[in-house]
Amino acid sequence: MKILDLKSKVFMAPMAGITDKPLRRLVSSLGAGNMVSEMVAIQAIQRKNPKTYRIADVRDEPYPVIVQLVGGKPEQFADAARLAADLGAYSIDINMGCPVKKIVNNNSGSALMKDLPLASKIIKEVVKATPLKVSVKFRKGWDINNVNAVEFAQMCEDSGASYITVHGRTRSAFYSGTADWDIIRAVKQSVKIPIIGNGDINTVYDAQRMIDETGVDGVMIGRAALGNPWLISQTHAYLENKELPRKIPVSEIKRFMLKHIELLSEYYGQEMGLAISRKFVCWYCKNLREAKRFREIYTKINDYNEAMKTIDEYFDGFGEEER
Ligand SMILES: Cc1cc2nc3c(=O)[nH]c(=O)nc-3n(C[C@H](O)[C@H](O)[C@H](O)COP(=O)(O)O)c2cc1C
């Protein structure tokens, strides 16, 4: 089943502080895959917080960006949805899965899985607010004694959601343990709208296995793409054409990483860009030898030229190697 009129059934998962404009640009440049924004706090939009506005502004991105909203008040959602539409959103996703205390205490994110009438009201308000399609991302349930993904999915469908994404963990599990794909299959069997499965897809083969085992219409990949952004387009190519993923030359990892640091510096300014680059650089070096030593040095550097020099010194030792 097609998901809206998107060209791919593979989604890069929204990750706050990670899937920003620079990363979306880079991942899109590698080929297919759908992009979702970081979550946008609707109350901050109402306060006209410039940082939040910037997260929601996707007008200059030449590919569809699904903008994700998080909050707990239906009226605020409607305003935020209209603004997101003005700022170039392709469609709107509502976050009903975030487990973080600060969000949950605000009656937002996965707390909405405990209040179906409120969740339904929010979806209906957002659907009414703009012509854009609306989706919902949620979890298996609040905790192991309150697993309600199937009922929740049916509520989303009845309230007007065009598709839903299910992460197979409860709120209490946060990101620990393994994602339950059985619940994803149960959700798929209980509604007619397209379902995207999420949780523990680490390879292109996992993505195919999730489709085979659960029948989902699309897959969403989060943590496994950190340091391995190629995984998104490789998964698309594997699912569509059985194209096997190639190994990535270390020289290509370096080139890509340098481009990433450049885009972060352009977008956030050089000082902040460099600080933000630290976590990404650590991820890019995953499974490379002497990575620990390099990370320790890189994460202490505050000067852009020194950062470039340190990267050159480390990466030039790899020659033609691949990961
Ligand atoms: C650092 C981090 C930030 C995240 N931020 C968001 C977010 O803003 N919105 C959201 O819906 N999910 C967020 N998630 C959850 C992911 O989208 C995804 O559901 C989760 O990581 C499970 O998928 P995975 O096993 O492929 O990583 C975040 C996850 C991580 C690790």
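The values are calculated or read from the model by the stated rules, or taken from the named source; none is laboratory data. A quick note: this is a predicted structure, and the numbers were derived from the prediction, not measured. Glycine also receives a Cβ, built like all others from the backbone with ideal geometry; neighbour counts cover every protein chain displayed. Please note that ligands, DNA and RNA were not included when accessible areas were found on the heavy atoms of the full protein model with its side chains. Shrake-Rupley method; radii C 1.70, N 1.55, O 1.52, S 1.80 Å.
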Do any trypsin sites (Lys or Arg not before Pro) in region 48-125 lie in a loop, going by DSSP, with at most 11 other beta-carbon atoms within 10 Å of their beta carbon, and if so which? LYS48, ARG59
Determine, from the Cβ-Cβ distance of ASN287 and GLN189 and an R0 of 41 Å, the FRET efficiency 1/(1 + (r/R0)^6), rounded to the nearest 0.05. 0.60
How much of the accessible area of the chain, in percent, comes from carbon and sulfur atoms when a 1.4 Å probe is used? 50 percent
Let me have the relative contact order for the chain, percent, based on Cα pairs under 8 Å that are six or more residues apart. 14 percent
Highest GNM mean-square fluctuation, the chain, Cα pairs closer than 10 Å: which of GLU38, GLU157, GLU306? GLU306
Determine how large the accessible area of ASP206 is when every protein chain is in place; take a 1.4 Å probe and give Å² rounded to the nearest 10. 30 Å²
In Å², and per residue, what accessible area does region 250-318 have when probed at 1.4 Å with the other protein chains present? 54 Å²
Fraction of the pair-distance distribution of region 10-241 above 22 Å, Cα-Cα pairs, percent: 48 percent
Region 1-58 and region 220-239: distance between their alpha carbon centers, rounded to Å: 16 Å
So what are the ³J(HN,Hα) numbers for region 45-62, from phi and the Karplus equation (6.51, -1.76, 1.60; θ = phi - 60°), rounded to whole Hz, Gly and Pro as x? 4, 5, 7, 6, 5, x, 5, 6, 4, 5, 5, 7, 8, 10, 4, 8, 9, x
Spin-label pair LYS7/GLU321, simplified geometry with 7 Å Cα→Cβ offset, distance in nm: 3.5 nm
Count the DSSP beta bridges whose two residues both fall in the chain, then state the antiparallel fraction as a percent rounded to the nearest 5. 5 percent
